[in-house]
Amino acid sequence: MSITRRLRAAFRAPSHDERALAYLNDATSLADLERREREIDSGRFRQNRHPF
């Protein structure tokens, strides 16, 4: 079972929080970091971005 659990963990898609954190970690300056925080707060990484 541990082998399948490891394989599933290796191939799973990153979660919402992991993607947002990686996006914030790529900031190059304080101003860039603040802009990225505002984008996340406004819904950049929300699951259902399109209502249709």
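The values are calculated or read from the model by the stated rules, or taken from the named source; none is laboratory data. Everything numeric in this text was worked out from a predicted model, so none of it was measured. No Cβ is skipped: glycine too gets one built from the backbone with ideal geometry, and neighbour counts run over all protein chains shown. Protein only, heavy atoms only, side chains kept; ligands, DNA and RNA dropped before computing areas. Shrake-Rupley method; radii C 1.70, N 1.55, O 1.52, S 1.80 Å.
General observations
- Answer residue from the stretch 29-51, given it is modelled with pLDDT of 95 or more and among the hydrophobic types (A, V, I, L, M, F, W, C) and is least open to solvent (accessible area, probe 1.4 Å) among those: Leu33
- Cβ separations smaller than 8 Å between residues 6+ apart or across chains give the following pairs from the stretch 1-20 residues that are free of Cβ contacts under 8 Å to residues at least 24 places away in the same chain to residues that are among the hydrophobic types (A, V, I, L, M, F, W, C) and assigned to a helix (DSSP H, G or I): Pro14/Ala22.
- Just so you know, in the stretch 4-28 the residues that are outside any helix (DSSP H, G or I) and more than 12 Å from the chain's Cα centre (by Cα) include one that is surrounded by the most Cβ atoms within 10 Å (Cβ to Cβ), and it is Ala27.
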